[in-house]
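The values are calculated or read from the model by the stated rules, or taken from the named source; none is laboratory data. From a predicted model like this one, the values you see are computed outputs, not experimental measurements. With ideal geometry, Cβ positions are generated from the backbone for all residues, glycine too; neighbour counts draw on all protein chains shown. To get the accessible areas, we keep the full protein, side chains included, count just its heavy atoms, and leave off ligands, DNA and RNA. Shrake-Rupley method; radii C 1.70, N 1.55, O 1.52, S 1.80 Å.
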Amino acid sequence: MPQEIIEVPITGKIISVEVKPGDEVKEGDTICILESMKMENPILAPVDGTITEVGVTAEQVVKPGETIAIIEYQ
Amino acid sequence: MFGLFETGFAGFTWGNGVMLAIGAVFLYLGIAKKMEPLLLVPIGFGVILVNLPFGGLMECIVQGKVVEAYAIGGEPAGLLSRLFRYGLVWEFVPCFIFLGLGAMTDFGPLIANPKTLILGAGAQFGVYAAFFIALLLGFNINEACSIGIIGGADGPTTIFLTNRLAPHLIGATAVAAYTYMAMVPIIQPPVIKALTTKKERAIYMKPQLRPVLKLEKVLFPVIGAITIILLVPKSAPLIGMFMAGNLLRESGVTDRLANTAATAFIDILTILLGLCVGAFMSAGVFLKPASLMVFGLGVAAFAASTFFGVILAKFMNLFLKEKINPMIGAAGVSAVPMAARVVQRMGQEANPRNFLLMHAMGPNVAGVIGTATAAGIFLGMLG
């Protein structure tokens with residue numbers, strides 16, 4: 001099954017994680033909230049699918065390219 | 001005997017009532033809606049304070065007589081009129097706010113992608129468009145400059161220029177600039193949507209920009225200040241302080257100064273500025289046709305700046321191999337970081353893969369430089 005890897009776009013801190021492995025998500029659903037440049041930025045699901053892996057936790061400082069989550073889709 | 005005639009009620013007018021309502025709206029927007037509370041709360045409370053008769057906060061002495069409203073040629077005698085004279089009219093507050101802004105600004109996105117500087121400059125066409133509209137509506141050239149600069153979405157620059165060219169409009173232009181900055185998320189989206197298709201708004205840009213060297217960040221404020229001030233000397237108070245603040249941030253050896261400039265220093269100045277701007281809005285000064293027209297033209301200036309920013313980005317796309325999302329042009333109005341935040345949100349709406357924040361921050365900070373430079377050009381012509 002094809003996979004979509006969601007990566008951290010810019011350096012920041014994860015404020016909250018809204019999904020867990022096994023969750024069904026739709027395109028545009030919030031995966032997590034990333035605080036960067038004093039702004040809270042939602043990271044959205046790019047496709048409909050199922051979360052197979054979550055690579056971040058709340059309060060974690062993250063860098064560009066790190067995996068936030070992996071979504072399997074049809 | 002202490003009676004009704006000694007209280008503020010004796011001097012209360014319908015105009016004071018209107019202004020109290022306006023002050024209350026500012027407080028509501030700031031506190032309940034969280035729209036730029038750092039600006040709207042002190043401004044709103046300043047409006048309320050100065051519209052309570054006989055308080056004397058903005059009184060001045062003119063030819064030996066005490067007048068309650070601020071008088072440009074008079075001697076300030078009230079708490080806030082003194083602050084207004086020696087803080088705003090003497091230009092300490094707006095220029096040192098720029099120092100704080102410089103200490104808060106990361107020029108990295110602009111250095112990594114220098115073509116966004118063009119977008120920051122492009123949005124300044126809105127300033128000139130509003131300037132010409134104001135001229136057509138009968139304002140004189142000094143007033144038109146002060147109204148046009150509102151389109152740059154930069155409060156301190158607006159205050160700085162209006163104080164020099166049309167000081168009688170300072171309350172109206174400052175309040176228009178700050179109010180519309182707070183309303184960027186309402187004003188910009190319809191203009192952006194009218195100028196772009198969903199396909200254009202969905203254009204994907206890789207979120208990561210190239211890493212910027214420390215040397216580049218240190219050299220930028222030094223070379224930037226020298227270049228801009230040599231080209232537009234009258235921009236020196238704003239650009240000079242902006243770049244000084246940024247050098248404190250980037251030098252790596254003045255962290256204490258940079259931290260102070262970016263926190264307590266700018267916070268103190270923002271409190272003083274907000275109260276003073278609000279206090280200039282007494283009913284007698286603000287409720288005049290000219291002030292209300294300035295307020296109306298401010299929206300046109302903002303919309304025009306957004307318009308030109310987006311159009312320029314679309315024009316650039318005609319020549320670029322790797323297309324840019326044209327919405328980032330809208331961030332060329334300085335309003336940092338509100339305009340970049342609007343672009344980020346709309347970019348994600350159109351395409352959840354998009355993360356345009358860093359791309360929008362480039363034109364956003366370039367817009368600050370652009371507006372201060374536009375003010376310097378106006379001053380060079382007329383000041």
message = Applying a 10 Å radius around every beta-carbon, put A:52-58, B:333-339, B:293-299, B:6-12 in order of their mean neighbour count, most first.
response = B:333-339, B:293-299, A:52-58, B:6-12
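For chain B, what does the helix formula give at 222 nm: sum of -39500 (n - 2.57) over DSSP H segments with n ≥ 4, over the residue count, nearest 500 deg cm²/dmol? Show your work: numbers first, answer last.
Working: 20 runs with 247 residues, N = 383.
Mean residue ellipticity, 222 nm, calculated: -20000 deg cm²/dmol.
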note = FRET efficiency (B:F54, B:I226; Cβ distance; R0 30 Å; to 0.05) is 0.05
ask   = Taking θ as phi - 60°, what are the ³J(HN,Hα) couplings along the range B:205-214 by the Karplus curve (6.51, -1.76, 1.60), each to the nearest whole Hz, with x for Gly and Pro?
value = 10, 4, x, 7, 9, 5, x, 9, 6, 4
query = At A:K26 and B:N140, where each label point lies 7 Å from the Cα along Cα→Cβ, what is the point-to-point distance in nanometres?
reply = 6.1 nm
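What number do you get for the range B:109-200 when its Cα radius of gyration is normalised by 2.2 N^0.38 Å, N = residues? Intermediate values should be presented prior to the final figure.
Working: Rg = 14.9 Å, N = 92, 2.2 N^0.38 = 12.3 Å.
So the Cα radius of gyration is 1.21 times the expected 2.2 N^0.38 Å.
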key: Relative contact order computed over chain B (Cα-Cα under 8 Å; 6+ residues apart), in percent   = 28 percent
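Other chains near B:351-359: what is the mean number of their Cβ atoms within 10 Å of each residue's Cβ?
Mean partner shielding for this stretch: 6.
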ask   = What ³J(HN,Hα) values, in whole Hz, does the Karplus curve 6.51 cos²θ - 1.76 cosθ + 1.60 give for the range B:87-99 when θ = phi - 60°, with x put for Gly and Pro?
value = x, 8, 5, 7, 6, 4, 5, x, 6, 6, 4, 5, 5
task = Give the accessible area for B:C95 in Å² (nearest 10); use a 1.4 Å probe, count only protein heavy atoms, and leave out ligands, DNA and RNA.
result = 10 Å²
key: Lys, Arg +1 and Asp, Glu -1 on Cβ, resulting dipole of the range A:4-56 about Cα centre, debye, nearest 20   = 280 debye
inquiry  = Please list log₁₀ I(q)/I(0) at q = 0.15, 0.16, 0.18, 0.22 Å⁻¹ for the range B:253-383, using the Debye equation with identical point scatterers on the alpha-carbon positions.
reply    = -0.99, -1.06, -1.16, -1.26
query = What is the set of long-range amide H partners of A:V62 at a cut-off below 5 Å, with H atoms built 1.01 Å from backbone N?
reply = A:G12, A:K13, A:I14
ask   = Roughly speaking, what is the centre-to-centre gap between the range B:1-77 and the range B:191-213 when only Cα atoms are used, to the nearest Å?
value = 44 Å
request  = Measure nothing but the geometry: give the 0 to 90° angle between the long axis through the Cα atoms of B:155-165 and the longest principal axis through the Cα atoms of chain B, rounded to 10°.
outcome  = 60 degrees
note = For A:S36, the accessible surface traced by a 1.4 Å probe with all protein chains present amounts, in square angstrom to the nearest 10, to 10 Å²
query = Based on the Cα atoms of the range B:39-187, what semi-axes does the equivalent ellipsoid have, where each is the square root of 5 times one gyration tensor eigenvalue, given in whole Å with the largest first?
reply = 31, 19, 14
message = Restricting to DSSP loop positions (anything but H, G, I, E, B) with no more than 14 other Cβ atoms inside 10 Å of their own Cβ, which trypsin sites (Lys or Arg not before Pro) remain in the range B:299-356?
response = B:K321
task = Kindly state, to the nearest 0.05, the FRET efficiency for B:I31 paired with A:E40, given R0 = 25 Å and r defined as their beta-carbon distance.
result = 0.80
query = In whole Å, what three semi-axes, largest first, describe the equivalent ellipsoid of chain B built from its Cα gyration tensor (square root of 5 times each eigenvalue)?
reply = 37, 23, 19
message = For the protein assembly as shown, place one equal point scatterer on every Cα, skip the solvent, and apply the Debye formula. What is log10 of I(q)/I(0) at q = 0.09 Å⁻¹?
response = -0.62
key: Cα-based convex hull volume of the range B:257-305 per residue, rounded to whole Å³   = 89 Å³
query = Excluding ligands and nucleic acids, what accessible area in Å² is computed for B:T254 using a 1.4 Å probe, to the nearest 10?
reply = 30 Å²
query = Residue-wise, which Karplus ³J(HN,Hα) couplings in Hz belong to the range B:248-261, taking 6.51 cos²θ - 1.76 cosθ + 1.60, θ = phi - 60°, and x for glycine or proline?
reply = 4, 5, 8, 5, x, 10, 10, 4, 4, 5, 5, 5, 5, 4
query = Where in chain A are there trypsin sites (Lys or Arg not before Pro) that are in a DSSP coil and have at most 14 other Cβ atoms within 10 angstrom of their Cβ?
reply = A:K26, A:K38
task = Mind running the shape call on the range B:239-278? Use the C-alpha gyration tensor, a ≥ b ≥ c as the square roots of the eigenvalues: rounded below 1.5 for a/c, prolate if a/b tops b/c, oblate otherwise.
result = oblate
query = Residues with amide H under 5 Å of A:E7's amide H, sequence separation 5 or more or different chain, H placed in the peptide plane at 1.01 Å from N; which?
reply = A:I68
remark   = The set of residues whose placed amide H lies less than 5 Å from the amide H of B:F280, leaving out same-chain residues fewer than 5 positions away, is none
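Counting Lys and Arg as +1 and Asp and Glu as -1, what is the net charge of the other residues whose Cβ lies under 14 Å from the Cβ of B:F220?
0
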inquiry  = Show me the chymotrypsin sites (Phe, Trp or Tyr not before Pro) within the range B:72-151 that DSSP assigns to loop and that have at most 12 other Cβ atoms within 10 Å of their Cβ.
reply    = B:W90
